[in-house]
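Working notes for the structure below.
FYI, it's all coordinate maths here, none of it is from the lab. Source: prediction; values computed, not measured. Cβ atoms come from the backbone with ideal geometry, glycine included; neighbour counts cover every protein chain shown.
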């Protein structure tokens, strides 16, 4: 996890706001590290966090609804629809799996959704 954070400036910058609260810092760091590992292993999308944000912003301007919702669909598939998490509480899936991604995108002015 430390290597992932060190290699990705956008992740470091996002996590810096949680330096005073180590439990929140760790929860978000783990959540983001897991998400990008999941993208690489399960979806075969080897992309840096900054590339993910840039691609998301680029796709948000496309007329095709499926393409426009690309990042949101990935985040939901990873957190809400992930069969590995089927026996987990909804609140746990939200706060530990979805929320770090949403907050990372929001922080970088690339919200997953406008609602």
Just to confirm my filter: which helices (runs of 4 or more DSSP H) fall fully inside the stretch 20-115 and include at least 2 residues that are under 10 Å from the mean Cα position of the chain (by Cα)? 22-42, 49-59, 70-79, 99-107
What pairs come out if I take residues in the stretch 13-37 that are at positive phi and pair them with residues that are in a helix (DSSP H, G or I) and surrounded by 15 or more Cβ atoms within 10 Å (Cβ to Cβ) whose C-beta lies under 8 Å away, six or more apart or interchain? none
